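In what follows, a single structure is set out as structure tokens and then discussed.
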Amino acid sequence: MRTGGRSEPRRLCALASWAALLACARAEDACPPACACSRDSGTVSCRAGDAAAGVPSPLPAWTAALILRGGTMTTLRGGAFASAAADGGALDAAAAQSLSANGIRAVEADAFAGLPHLRVLDLSRNRLERVSRGAFRGLRELRTLCLNESVAPEAAAQLAAALGAGDLRDLRRLELAGNRLRGVASAAPHAFGLLQQLVLVNNSIRALSREDVSGLERRRRARVYLAHNPFRCACELEAFYWWLKNASQCADAALLRCAEPPARRGLPVERLRPEDVDCLNDNLEAVSYVFLGIVLALIGLVFLMVLYLNRGGIKRWLNNVREACRDQMEVYHYRYEQDSDPRLANVAV
């Protein structure tokens with residue numbers, strides 16, 4: 001009887017342990033409301049409802065790919081994913097995350113803390129108006145960042161600072177299409193030593209400065225996409241023009257078209273002639289016009305000096321001309337009076 005009494009507590013403890021383990025397993029496998037979870041693929045996909053209130057939680061600890069779409073998550077706060085797992089910890093297994101089309105307007109510092117192994121992040125089709133410098137802090141394994149049609153003009157400088165903060169050391173692909181960016185500097189390519197693809201399609205880039213070209217030349221492995229930008233095919237395009245001719249980094253060079261000046265609109269950038277973008281010729285033409293103006297000014301000045309030095313002779317000449325005109329007019333006046341007097345006419349008959 002004593003032996004049986006001793007084994008009963010042991011069985012109870014074992015049952016309690018198994019129940020606790022089963023509860024933990026169920027918690028780890030729990031799928032948030034309005035989400036679809038697939039453990040086989042490691043994907044958790046959530047729609048608008050929960051996204052409006054923030055990041056859905058708790059998320060399964062095995063979540064490898066998290067997809068949130070159609071929400072109104074205006075601010076992505078710091079630490080939003082730090083304790084999203086069912087066990088209250090970070091999502092260590094998460095490798096890909098899509099937050100596209102969620103109406104996100106602000107990304108705070110450490111917004112992606114708790115995603116130490118994230119490799120793909122998609123923030124496309126949002127409306128980022130405020131981006132903290134530490135927005136991407138902790139994403140040291142991130143390789144692909146998509147920000148297509150997401151950056152408001154007032155946030156371009158903030159985004160450049162966030163990208164250049166040095167947090168994305170392993171980034172390989174950066175997509176910034178459709179953001180009305182005016183230069184490559186907004187993409188901060190200098191901060192990515194391993195960058196392989198930079199997508200700047202459909203922006204407002206008119207030319208690449210010598211600094212931009214030099215930065216791309218230092219990263220010869222990087223491929224740049226620049227189609228559908230309004231290039232101004234004039235002198236300021238010279239450095240970019242010769243870079244296109246001598247390098248093969250622009251993957252869509254054949255699609256680049258001139259938007260200005262009107263005489264070259266629609267002309268492929270690759271078909272420009274060297275003299276079309278020769279700054280020396282433009283400078284010489286400007287200098288020639290300046291020189292012509294100076295020569296004409298000197299001629300005018302010499303003419304005025306001649307008039308001033310000969311003012312006495314000119315005055316006498318003018319007086320002589322006036323006296324001669326007066327004498328001639330008096331002769332004409334006398335003849336008119338003679339011809340118009342009727343008495344003189346009868347005498348003549």
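The values are calculated or read from the model by the stated rules, or taken from the named source; none is laboratory data. These figures come from a predicted structure and were not determined experimentally. Cβ placement follows ideal geometry from the backbone for every residue including glycine, while neighbour counts extend to all protein chains displayed.
Which of the residues belonging to region 158-183 are more than 14 Å from the chain's Cα centre (by Cα), closer than 18 Å to ARG119 by Cβ and outside any loop (DSSP other than H, G, I, E, B)? Within region 158-183, just ARG173 meets the criteria.
Of everything in region 61-84 that is touching a strand residue (DSSP E or B) at 6+ places or on another chain (Cβ under 6 Å) and crowded, with 17+ Cβ neighbours inside 10 Å, the residue that is farthest from ASN148 (Cα to Cα) is ALA61. Can you tell me which residue is surrounded by the fewest Cβ atoms within 10 Å (Cβ to Cβ) among those in region 119-134 that are farther than 18 Å from GLN197 by Cβ and in contact with a Leu (Cβ under 8 Å, 6 or more places away or on another chain)? So, considering only residues that are farther than 18 Å from GLN197 by Cβ and in contact with a Leu (Cβ under 8 Å, 6 or more places away or on another chain), the one surrounded by the fewest Cβ atoms within 10 Å (Cβ to Cβ) is LEU128.
Residues checked against (1) assigned to a helix (DSSP H, G or I); (2) modelled with pLDDT under 80; (3) closer than 30 Å to GLY193 by Cβ:
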position	(1), (2), (3)
TRP242	yes, no, yes
VAL290	yes, yes, no
ALA297	yes, no, no
GLY312	yes, yes, no
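Looking only at region 245-261, decide whether some residue is out of contact with any Asp or Glu (no Cβ under 6 Å at 6 or more places or on another chain), of a type in the set (S, T, N, Q) and either in a strand (DSSP E or B) or closer than 22 Å to LEU147 by Cα (or both). Within region 245-261, one or more residues are out of contact with any Asp or Glu (no Cβ under 6 Å at 6 or more places or on another chain), of a type in the set (S, T, N, Q) and either in a strand (DSSP E or B) or closer than 22 Å to LEU147 by Cα (or both).
Residues of region 184-198 that are of a type in the set (S, T, N, Q), modelled with pLDDT of 90 or more and within 17 Å of the chain's Cα centre (by Cα): GLN197 alone. Is it the case that TYR241 is buried (at least 18 other Cβ atoms within 10 Å of the Cβ), of a type outside the set (A, V, I, L, M, F, W, C) and in contact with a strand residue (DSSP E or B) (Cβ under 6 Å, 6 or more places away or on another chain)? Considered against the rule, which asks whether it is buried (at least 18 other Cβ atoms within 10 Å of the Cβ), of a type outside the set (A, V, I, L, M, F, W, C) and in contact with a strand residue (DSSP E or B) (Cβ under 6 Å, 6 or more places away or on another chain), TYR241 comes out as no.
Here's the yes/no breakdown for (1) at pLDDT 90 or above; (2) hydroxyl-bearing (Ser, Thr, Tyr); (3) farther than 18 Å from GLY71 by Cα:
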| site | (1), (2), (3) |
| --- | --- |
| VAL107 | yes, no, no |
| LEU115 | yes, no, yes |
| ASN126 | yes, no, no |
| VAL131 | yes, no, yes |
| GLY134 | yes, no, yes |
| THR144 | yes, yes, yes |
| ASN148 | yes, no, no |
| ALA155 | yes, no, yes |
| ALA160 | yes, no, yes |
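Among the residues of region 175-229, the one identified as of a type in the set (Phe, Trp, Tyr) and either closer than 19 Å to ALA254 by Cα or surrounded by fewer than 21 Cβ atoms within 10 Å (Cβ to Cβ) (or both) is TYR225. In this structure, LEU139 does not satisfy being farther than 20 Å from ARG173 by Cα and in contact with a Pro (Cβ under 9 Å, 6 or more places away or on another chain).
Is it the case, given these coordinates, that VAL269 is over 55 Å from the mean Cα position of the chain (by Cα), β-branched (Val, Ile, Thr) and at pLDDT 80 or above?
Considered against the rule, which asks whether it is over 55 Å from the mean Cα position of the chain (by Cα), β-branched (Val, Ile, Thr) and at pLDDT 80 or above, VAL269 comes out as no.
Would you call GLY215 assigned to a helix (DSSP H, G or I) and within 17 Å of ALA160 (Cα to Cα)? For GLY215, the condition - assigned to a helix (DSSP H, G or I) and within 17 Å of ALA160 (Cα to Cα) - is met.
Considering the conditions (1) farther than 28 Å from ASN229 by Cα; (2) polar (S, T, N, Q); (3) modelled with pLDDT under 80, ASN320 is excluded by exactly one of them, (3).
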